[in-house]
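The values are calculated or read from the model by the stated rules, or taken from the named source; none is laboratory data. Every value quoted in this text rests on a predicted model; they were computed, and no experiment measured them. Here the Cβ positions follow ideal geometry from the backbone for every residue, glycine too, while neighbour counts run over all protein chains shown. In case anyone asks, the SASA skips ligands and DNA or RNA and just uses the protein heavy atoms, side chains included. Shrake-Rupley method; radii C 1.70, N 1.55, O 1.52, S 1.80 Å.
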Amino acid sequence: MPETTSLFNKIAKHYDSLNTFFSFGMDKIWRKKLVGQIMGSDLILDIATGTGEVAIETVRKLEGARVIGIDPSAQMLSFAKKKCASPEYKNKIELIQGYAEDLPFENDRFDAITIAFGIRNTVNPLQSLKEMKRVLKSGGKVAILEFTIPRNKIFAPIYLFYFKKFLPFIGSLFGSKKEYKYLSDSTSEFPQREKFLELMKEAQFDPQESIELMIGTVIIYTGIK
């Protein structure tokens, strides 16, 4: 994880704006849909919380909810803390530094867990899923938002060109070509759809219906402990 942590420390400053640019502004809608999968939850763990966007959306949408956001990147958390300093988030969001593979929480603590565009960047996705299962309460839900390669044979090559060529090029304008090349490569190398669902089953989750968005370029996996 140190390499990945260093990567996110470097791109933290432009992370939010580039996310919005690369997704054509759809990233905000995707986060809303992610949070919509855990309605009714009181205590939520947001893994790879980054700059805190999912945590903030969660307390906005779920009345009375509290969120603990965890991320290995000190720089990302620094930006998240500035956002969460607002009085409307006081006592609702707690931010800590840590890793998905070794969550610093007791068993059966959380009602739900979210992770947006982070599971593919963990050193060991299966171990991360097992840790999520450990800290979830029985019947608790995990909701995982991630990029995926579209099934459409015509659109898939266009998408891959955009992801592998255009994203690193724009990243290079911000001095982050290598970092955005890694992020694009990690998407195509990560287990897709059925293979990821098998990982969830191996971690002893009961996978629920997956939700594909934006012509199958983004997916929300959900599972129950």
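Tabulated data for the structure shown
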read-out: Of all residues in the range 82-98 being modelled with pLDDT of 95 or more, out of contact with any Leu (no Cβ under 7 Å at 6 or more places or on another chain) and not basic (Lys, Arg), the one that is farthest from Glu63 (Cα to Cα); value: Gly98
read-out: Filtered residue count, the range 98-134, keeping only those that are touching a Lys or Arg at 6+ places or on another chain (Cβ under 8 Å), surrounded by fewer than 19 Cβ atoms within 10 Å (Cβ to Cβ), touching a residue at least 40 places away in the same chain (Cβ under 8 Å) and not charged (D, E, K, R); value: 0
read-out: Residue among Arg60, Arg66 that alone is open to solvent by 70 Å² or more (accessible area, probe 1.4 Å) and closer than 22 Å to Glu131 by Cα; value: Arg66
read-out: Residues (among the hydroxyl-bearing types (Ser, Thr, Tyr) and modelled with pLDDT of 95 or more) located in the range 100-125; value: Thr114
read-out: In the range 107-155, the residues that are of a type in the set (Val, Ile, Thr) and closer than 27 Å to Met26 by Cβ; value: Ile113, Thr114, Ile115, Ile119, Thr122, Val142, Ile144, Thr148, Ile149, Ile154
read-out: Ile154, sole failed condition from (1) within 20 Å of Ile219 (Cα to Cα); (2) modelled with pLDDT of 90 or more; (3) of a type outside the set (Gly, Ala, Ser); value: (2)
read-out: Strands (runs of 3 or more DSSP E) lying entirely in the range 13-129 (those with 2 or more residues that are in contact with a strand residue (DSSP E or B) (Cβ under 8 Å, 6 or more places away or on another chain) and within 26 Å of Ile211 (Cα to Cα)); value: 43-47, 66-71, 110-116
read-out: Ala80, sole failed condition from (1) over 17 Å from the mean Cα position of the chain (by Cα); (2) of a type outside the set (Val, Ile, Thr); (3) more than 28 Å from Glu198 (Cα to Cα); value: (1)
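Yes/no per residue for (1) under 25 Å from Glu88 (Cβ atoms); (2) at pLDDT 95 or above:
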residue: Thr5; (1), (2): no, no
residue: Phe8; (1), (2): no, no
residue: Lys13; (1), (2): yes, no
residue: Gly25; (1), (2): yes, no
residue: Lys32; (1), (2): yes, yes
residue: Ser41; (1), (2): yes, yes
residue: Ile44; (1), (2): yes, yes
residue: Glu57; (1), (2): yes, yes
